[in-house]
Every structure is written in structure tokens, then in C-alpha cells.
């Protein structure tokens, strides 16, 4: 079965500093990995996805993610954090059974301090 | 439209009452997914549709939950005889197709509170 793990409940970073939100995955075949962000009282917004190709995937709002097959990781990164980046971040993998539903990690809350 | 629309934003029901939630997928998207987000942010898949046909209903508690996607109408998720544990945010998502690589775009959710 496919799964993702987000080892940190919360990440704190100062504005202007680089940020990393960690995700590891477990899949039986090719990994199709996604990052979503959830702002308070709003739905999930798609940030980026890894399908194949370059290990560094660039997404929305200046975010990028690094796919590492040997470490089975897909960490979300941003070179310079903004206070407005404070939100809940979800790593996700597409299920490989017939329905292709999305399987989410537990979420990591990012706090960016001014 | 360019966004998944969900109504209502908030819904409050007494235990045992019926709740009905609606979702309009992005125009041109053939697949609709329903997810339930409970305490501690956990997402649970409920059901998916390909146009008006159920695609995967392995997550649905069938005794009280039902869902439909009819042509030219918003999709709906209905809970008969709500229970306290049904309190959650219900998200709808749509995708153009159902490949493993296709992005699912999510609506803003409906927060259901069962008292």
C-alpha cells in the first residue's frame, strides 16, 4: 500500500530564512507525489507534483521540492520564507489501486515569524 | 468554472438529521472525489465518480452515506441520520482524467457540525 509520512507536526522559521518541510514515501511502483497547502478556513491548494524527470520540481509561490529516490523523500523547500507562507502543508501520493485516490500525510504546520 | 465550488460553507445539524452537501467540479473535469477531513487534519477518501458513474466507493460508510453526480447538476453527498462523529470538513476535488499523474483540484470544503 502507498503511504507518506510527515515526521514534523510543526516547523518554525524566521522570515527570510530558507524553509524545509519533510516528507518520506512508501510505494510499490513508481511514485507520483504531490504537495498541497491549506490556509485557515480554505481548501487545499495544489503546489507541485513529481511524476518523472528532474528531481527538483518547481511549483507555485516560489516553492520547490526535491525528489530523492534512494532516501524515498520528497521534501518541500523555499529559499526565503514569507510570513504569508504560514499554513498547513500536506504531502500526498496517488494510490496505485484502481481508484487512484489521493493518500495524504498527516500535515505539517509551518509558522513563519517576522 | 475554473475552481471547484462547494456549498454550503457551513452546515449545522442535530444528531439524527439529514445533511446534504454540493460540489460543482471544474468545467471539463470528468472525475469527482469526496474526502472527509476529521480531527488532527486526517483525510479520509469517501467516493469518486467518473461523470455520473461511481468509480470507487471503497471509503463510503454505506449505511448512512450516499452520493450522486447527475448530468447538468452539482454532485451531492448526503448523510442520513447524522451522528456526532460525522462532524468534519468535507472536501470535493475534481480532475480532468483519472490517471495517477493527474492533479486533483480541491474546493474550499463544507464544514459540517453535528450537535
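Summary table
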{"quantity": "Residue B:59 vs. criteria closer than 30 Å to residue A:10 by Cα and free of Cβ contacts under 8 Å to residues at least 60 places away in the same chain", "calculated": "yes"}
{"quantity": "Some residue of the stretch B:69-84 being touching a helix residue (DSSP H, G or I) at 6+ places or on another chain (Cβ under 8 Å), surrounded by fewer than 21 Cβ atoms within 10 Å (Cβ to Cβ) and modelled with pLDDT of 95 or more", "calculated": "no"}
{"quantity": "Answer residue from the stretch B:83-109, given it is outside any loop (DSSP other than H, G, I, E, B), more than 10 Å from chain A (Cβ to nearest Cβ) and over 15 Å from residue B:27 (Cα atoms) and is nearest to the chain's Cα centre (by Cα) among those", "calculated": "B:90"}
{"quantity": "Residues located in the stretch A:18-42, provided they are buried (at least 21 other Cβ atoms within 10 Å of the Cβ) and assigned to a loop (DSSP other than H, G, I, E, B)", "calculated": "A:23, A:31, A:32"}
{"quantity": "Any hit, the stretch A:51-63, residues being at the interface with chain B (Cβ under 10 Å from one of its Cβ atoms) and either modelled with pLDDT under 95 or buried (at least 16 other Cβ atoms within 10 Å of the Cβ) (or both)", "calculated": "yes"}
{"quantity": "Filter result for residue B:15 (touching a residue at least 12 places away in the same chain (Cβ under 8 Å), in a loop (DSSP other than H, G, I, E, B) and either under 28 Å from residue A:9 (Cα atoms) or within 14 Å of another protein chain (Cβ to nearest Cβ) (or both))", "calculated": "no"}
{"quantity": "Residue in the stretch B:30-51 that is out of contact with any helix residue (DSSP H, G or I) (no Cβ under 8 Å at 6 or more places or on another chain), away from chain A (no Cβ under 14 Å) and on the phi < 0 side of the Ramachandran plot present", "calculated": "no"}
{"quantity": "Subset of the stretch A:27-37 that is at pLDDT 90 or above and either more than 8 Å from chain B (Cβ to nearest Cβ) or touching a helix residue (DSSP H, G or I) at 6+ places or on another chain (Cβ under 6 Å) (or both) - its residue that is nearest to residue B:108 (Cα to Cα)", "calculated": "A:37"}
{"quantity": "Of residues in the stretch A:1-17 being part of a strand (DSSP E or B) and at pLDDT 95 or above, the one farthest from the other protein chains (Cβ to nearest Cβ)", "calculated": "A:14"}
{"quantity": "Residue selected from the stretch A:96-114 under the condition over 16 Å from residue B:41 (Cα atoms) and crowded, with 16+ Cβ neighbours inside 10 Å, by the criterion farthest from the other protein chains (Cβ to nearest Cβ)", "calculated": "A:112"}
{"quantity": "Of residues in the stretch A:64-95 being touching a helix residue (DSSP H, G or I) at 6+ places or on another chain (Cβ under 9 Å) and part of a strand (DSSP E or B), the one surrounded by the most Cβ atoms within 10 Å (Cβ to Cβ)", "calculated": "A:90"}
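Yes/no matrix, rows are residues, columns are (1) farther than 23 Å from residue B:95 by Cα; (2) in contact (Cβ under 8 Å) with a residue 40 or more places away in the chain:
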site: A:46; (1), (2): no, no
site: A:75; (1), (2): yes, yes
site: A:85; (1), (2): yes, yes
site: A:90; (1), (2): no, yes
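The values are calculated or read from the model by the stated rules, or taken from the named source; none is laboratory data. Small disclaimer: the values here were computed from a predicted structure and weren't measured. Positions of Cβ are generated from backbone atoms using ideal geometry, with glycine treated the same way; all protein chains shown enter the neighbour counts.
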